[in-house]
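Here's the structure, in structure tokens; my notes come after.
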Ligand SMILES: CC(C)(COP(=O)(O)OP(=O)(O)OC[C@H]1O[C@@H](n2cnc3c(N)ncnc32)[C@H](O)[C@@H]1OP(=O)(O)O)[C@@H](O)C(=O)NCCC(=O)NCCS
């Protein structure tokens with residue numbers, strides 16, 4: 001079942017995000033960096049909810065929140081037709097197509113709302129499931145950012161991807 005992320009408590013979302021962030025180094029940001037406390041998470045969810053064109057969904061399996069997708073519009077006046085995507089599925093549920101299902105539902109909603117025209121995302125070049133997921137959903141690779149991420153002493157490349165959600169013209 002898919003629900004609006006905004007309908008969940010900050011504590012429930014913190015638990016969901018924590019399961020995903022703590023099991024994967026695929027996210028460039030650390031969760032404690034992003035949300036130093038529950039209040040900051042709560043405020044961010046409120047801010048996101050007020051942004052025209054934002055789409056944020058949680059997928060539940062047997063009543064348990066098991067994944068999320070956030071498509072966050074940029075706030076600068078000249079970039080408001082663009083958005084950034086971030087998503088994750090809890091480790092026990094990965095590989096069961098929840099990611100594909102959520103992503104398609106979120107993109108359908110973005111297209112229906114007709115605010116966002118372009119969705120961007122960054123993915124690490126070693127994150128095969130995520131790259132397959134995004135390619136299958138119609139994202140194209142724009143650039144490889146060599147040594148974009150540094151984990152300890154080890155560098156990883158980032159891939160910038162983009163999808164036109166509806167007719168952007170030059
Ligand atoms: C990336 C992620 C969201 C994918 O969600 P998911 O529900 O596991 O993915 P799906 O089951 O829908 O599968 C998506 C594609 O990945 C492939 N895939 C799934 N698990 C895989 C694995 N372990 N290795 C390689 N490919 C895999 C699937 O075969 C599918 O491709 P296909 O349609 O061509 O067969 C999820 O694995 C995740 O949350 N990972 C940790 C956090 C993360 O990396 N987030 C993205 C940051 S950019």
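The values are calculated or read from the model by the stated rules, or taken from the named source; none is laboratory data. Computed from a predicted model, the values in this text were never measured in an experiment. Positions of Cβ are generated from backbone atoms using ideal geometry, with glycine treated the same way; all protein chains shown enter the neighbour counts.
Which one of these does residue 16 not meet: (1) farther than 19 Å from residue 85 by Cβ; (2) modelled with pLDDT of 95 or more?
(1)
Just to be sure before I move on: is residue 67 in contact (Cβ under 8 Å) with a residue 24 or more places away in the chain, part of a strand (DSSP E or B), surrounded by 15 or more Cβ atoms within 10 Å (Cβ to Cβ) and within 16 Å of the chain's Cα centre (by Cα) in the structure I sent?
Considered against the rule, which asks whether it is in contact (Cβ under 8 Å) with a residue 24 or more places away in the chain, part of a strand (DSSP E or B), surrounded by 15 or more Cβ atoms within 10 Å (Cβ to Cβ) and within 16 Å of the chain's Cα centre (by Cα), residue 67 comes out as yes.
What number of residues within the range 113-130 are out of contact with any helix residue (DSSP H, G or I) (no Cβ under 7 Å at 6 or more places or on another chain), near the ligand (Cβ under 6 Å from one of its atoms) and either within 23 Å of residue 166 (Cβ to Cβ) or in a helix (DSSP H, G or I) (or both)?
3
Per-residue answers, yes or no, for (1) away from the ligand (no atom under 13 Å from the Cβ); (2) within 17 Å of residue 166 (Cβ to Cβ); (3) touching a strand residue (DSSP E or B) at 6+ places or on another chain (Cβ under 7 Å); (4) touching a residue at least 40 places away in the same chain (Cβ under 8 Å):
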{"residue": "99", "(1), (2), (3), (4)": "no, no, yes, no"}
{"residue": "103", "(1), (2), (3), (4)": "no, yes, yes, no"}
{"residue": "106", "(1), (2), (3), (4)": "no, yes, yes, yes"}
{"residue": "133", "(1), (2), (3), (4)": "no, no, no, no"}
{"residue": "140", "(1), (2), (3), (4)": "yes, yes, yes, no"}
{"residue": "146", "(1), (2), (3), (4)": "yes, no, yes, no"}
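Of the residues 110, 90, which single one is within 29 Å of residue 128 (Cα to Cα), surrounded by 13 or more Cβ atoms within 10 Å (Cβ to Cβ) and more than 9 Å from the ligand (Cβ to nearest atom)?
Testing whether each residue is within 29 Å of residue 128 (Cα to Cα), surrounded by 13 or more Cβ atoms within 10 Å (Cβ to Cβ) and more than 9 Å from the ligand (Cβ to nearest atom) leaves just 110.
Condition first: within 17 Å of the chain's Cα centre (by Cα) and within 26 Å of residue 22 (Cβ to Cβ). Can you find one or more residues in the range 142-157 that meet it?
Among the residues of the range 142-157, not one is within 17 Å of the chain's Cα centre (by Cα) and within 26 Å of residue 22 (Cβ to Cβ), which makes the answer no.
Name the one entry in 107, 133, 101 that is in a helix (DSSP H, G or I) and either in contact with a helix residue (DSSP H, G or I) (Cβ under 6 Å, 6 or more places away or on another chain) or at pLDDT below 95 (or both).
None of the other options fit; the residue is 133.
Which of (1) assigned to a loop (DSSP other than H, G, I, E, B); (2) more than 15 Å from the ligand (Cβ to nearest atom); (3) farther than 25 Å from residue 30 by Cα does residue 75 not meet, given it meets every other one?
For residue 75, the failing item is (3).
Within the group 88, 158, which residue is touching a residue at least 12 places away in the same chain (Cβ under 8 Å), outside any helix (DSSP H, G or I) and touching a helix residue (DSSP H, G or I) at 6+ places or on another chain (Cβ under 6 Å)?
Checking each option against the conditions leaves just 88.
Mind checking which residues of the range 1-54 are more than 12 Å from the ligand (Cβ to nearest atom), crowded, with 16+ Cβ neighbours inside 10 Å and assigned to a helix (DSSP H, G or I)?
5, 10, 13, 14, 41, 42, 44, 45, 48 - these are the residues of the range 1-54 that are more than 12 Å from the ligand (Cβ to nearest atom), crowded, with 16+ Cβ neighbours inside 10 Å and assigned to a helix (DSSP H, G or I).
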